[in-house]
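For reference, the structure is listed below as structure tokens.
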Amino acid sequence: MNAKIWLSSPHMCGKEKEFVEDAFTTNWIAPLGPNVDGFENDLETYLGEGMHVAALSSGTAAIHLALILLGVQNGDEVICQSMTFSGSANPIVYQGATPVFVDSEKETWNMSPSFLEEAIKDRIKKGKKPKAIIPVHLYGMPCKMHEILSIANEYEIPVIEDAAEALGSMYFGKKTGTFGTISILSFNGNKIITTSGGGAIVSNNKTYIERAKFLSTQARDPAPHYEHSHIGYNYRMSNVCAGIGRGQMTVLEDRVKKKRAIFKNYQAALNNISGISFQNEPENFYSNRWLTTILIDSAKTPHTINNEHIRLVLEKSNIESRPLWKPMHLQPVFKDAAFYGDRTSDKLFEQGLCLPSGSNLTEEAIETVKSKISLAFTLESFSNL
Ligand SMILES: Cc1ncc(COP(=O)(O)O)c(C=O)c1O
């Protein structure tokens, strides 16, 4: 059996060790220190646009703090893209607020601006104006931010831009992670760059970021003893993890190039198989192609092959693949939540598959994945399962 081929595994460059070593040498083994400051500086420089950054323990923590900073409270409603990972939506419930889910549009698979507007109008009609909007750049593909922001501005609702999967992507030449009233990033182990686990909150409003630093370190008032006039959180990034992040920042652009090359490689090899389609980049959209994703229209395939069949064939060869993220409005935990859409995301979930896309994949591994996918489209593949 070949070594496991993962969807997207951590890819170290070697420099990370130097920064981590430095944390040990200087004994900054704490959720503060030179690596935390350095990593925040690196992110601020990379994102530009006058952004301020606080490094946190996860992207989920970043969304939670963003909601708190925007004043989301018990009983409020927050609009969230339905097609996302649960980390985008769970913090809404941490705040005692209610998520309202909005479907995807077909081009980017992200929040549909027209259903967003429909949702806002209807929630206002029902008596509650949503407190925030959470669009998500899924798999690295930017959302239609101009349309989303113009609706958000019209109704004066702040935007929490979930760029957890999209560091390195751009929209009309501007980096994702710089569009929200507040934006968030994730450095979880599977992301384009990682700190093992971690996240960041980003804004051009310095007050928000200073407040995020205060809240993420248990909201300690200035005093020699521990004094608290607010509820705080233990959400700051460790100086050891931030060391990994500083090393990873030196290779971010390489990682984006590699991920985009992997996408092109799969596309060139598989695009002509009847029933498979790839997600195109609309003009002025630049995706980091964090994960290469395909749709399988089984009616168009030679032997009514579906995404699950391909997944099983790959699994048999020790290759990890995964259906597209199951939309939040289909999750048992959110079964009572309001949903606005035409079930585009249901169809994407039914047809989609994420392929191994790690920037550390060897040419040989990619060739293996491609040949196993081709094999999955043959009758022979059924008898081997
Ligand atoms: C779209 C999206 N939002 C939020 C998160 C949460 O980030 P974290 O795992 O760092 O908490 C993730 C991923 O993990 C994600 O993919």
(message) Six or more apart or on different chains, Cβ atoms under 6 Å: show the pairs whose first residue is in the stretch 62-73 and away from the ligand (no atom under 12 Å from the Cβ) and at pLDDT 95 or above and whose second is part of a loop (DSSP other than H, G, I, E, B) and polar (S, T, N, Q).
(response) L67/Q95; V72/Q95
(message) Being more than 20 Å from the chain's Cα centre (by Cα), open to solvent by less than 60 Å² (accessible area, probe 1.4 Å) and not polar (S, T, N, Q) is the filter here; which residues of the stretch 340-369 pass it?
(response) Y340, G341, L361, A365, I366, V369
(message) All but one of (1) more than 15 Å from the ligand (Cβ to nearest atom); (2) more than 15 Å from the chain's Cα centre (by Cα) hold for G245; state the number of the condition that does not hold.
(response) (1)
(message) Would you confirm, using the coordinates I've provided, whether A54 is within 16 Å of Y235 (Cα to Cα) and either more than 12 Å from the ligand (Cβ to nearest atom) or open to solvent by 30 Å² or more (accessible area, probe 1.4 Å) (or both)?
(response) yes
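May I ask you to list the residues in the stretch 314-344 that are more than 20 Å from R289 (Cβ to Cβ) and small (G, A, S)?
Filtering the stretch 314-344 down to residues more than 20 Å from R289 (Cβ to Cβ) leaves 315-318, 326-344.
Correct list: S317, A337, A338, G341.
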(request) Within the stretch 214-236, identify whether any single residue is at pLDDT below 95, open to solvent by 10 Å² or more (accessible area, probe 1.4 Å) and either of a type in the set (F, W, Y) or assigned to a loop (DSSP other than H, G, I, E, B) (or both), and answer yes or no. (result) no
(request) Those residues that are polar (S, T, N, Q) and touching a His at 6+ places or on another chain (Cβ under 6 Å), I need them from the stretch 67-113; list them, please. (result) S82
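Based on this model, can you work out whether I231 counts as of a type outside the set (D, E, K, R) and touching a residue at least 60 places away in the same chain (Cβ under 8 Å)?
Details: of a type outside the set (D, E, K, R): yes; touching a residue at least 60 places away in the same chain (Cβ under 8 Å): no.
Against the criterion (of a type outside the set (D, E, K, R) and touching a residue at least 60 places away in the same chain (Cβ under 8 Å)), I231 does not qualify.
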(message) Take the residues in the stretch 117-142 that are without any contact (Cβ under 8 Å) to a residue 40 or more places away in the chain and assigned to a helix (DSSP H, G or I); name whichever of them is surrounded by the most Cβ atoms within 10 Å (Cβ to Cβ).
(response) E117
(request) State whether one or more residues within the stretch 308-316 are within 22 Å of K191 (Cα to Cα) and open to solvent by 10 Å² or more (accessible area, probe 1.4 Å). (result) yes
(message) Among the residues of the stretch 76-88, are any open to solvent by 10 Å² or more (accessible area, probe 1.4 Å), among the polar types (S, T, N, Q) and free of Cβ contacts under 8 Å to residues at least 60 places away in the same chain?
(response) no
(request) Restrict the check to the stretch 24-46 and report whether at least one residue is closer than 28 Å to T293 by Cα, open to solvent by less than 10 Å² (accessible area, probe 1.4 Å) and in contact with a helix residue (DSSP H, G or I) (Cβ under 9 Å, 6 or more places away or on another chain). (result) yes
(message) I'd like to check something: does the stretch 114-125 contain any residue that is under 30 Å from S8 (Cβ atoms) and more than 16 Å from the ligand (Cβ to nearest atom)?
(response) yes
(request) Kindly indicate the residue of the stretch 277-327 that is in a strand (DSSP E or B) and without any contact (Cβ under 8 Å) to a residue 24 or more places away in the chain and also farthest from the ligand (Cβ to nearest atom) among those meeting that condition. (result) S277
(request) Return the only residue of F214, F179, F187 being more than 13 Å from the ligand (Cβ to nearest atom) and touching a helix residue (DSSP H, G or I) at 6+ places or on another chain (Cβ under 9 Å). (result) F179
(request) Mind counting the residues in the stretch 163-185 that are part of a strand (DSSP E or B) and open to solvent by 10 Å² or more (accessible area, probe 1.4 Å)? (result) 3
(message) Can you confirm whether Y94 is closer than 22 Å to S9 by Cβ and of a type outside the set (D, E, K, R)?
(response) no
(request) Considering only the stretch 190-211, state which residues are in a strand (DSSP E or B), within 16 Å of the ligand (Cβ to nearest atom) and small (G, A, S). (result) G199, A200
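The values are calculated or read from the model by the stated rules, or taken from the named source; none is laboratory data. In this text, all values refer to a predicted model and were calculated from it rather than measured experimentally. Using ideal geometry, Cβ is built from the backbone for each residue, glycine included, and neighbour counts are taken over all protein chains shown. Note: accessible area is taken over every heavy atom of the protein model, side chains too, but ligands, DNA and RNA are not part of it. Shrake-Rupley method; radii C 1.70, N 1.55, O 1.52, S 1.80 Å.
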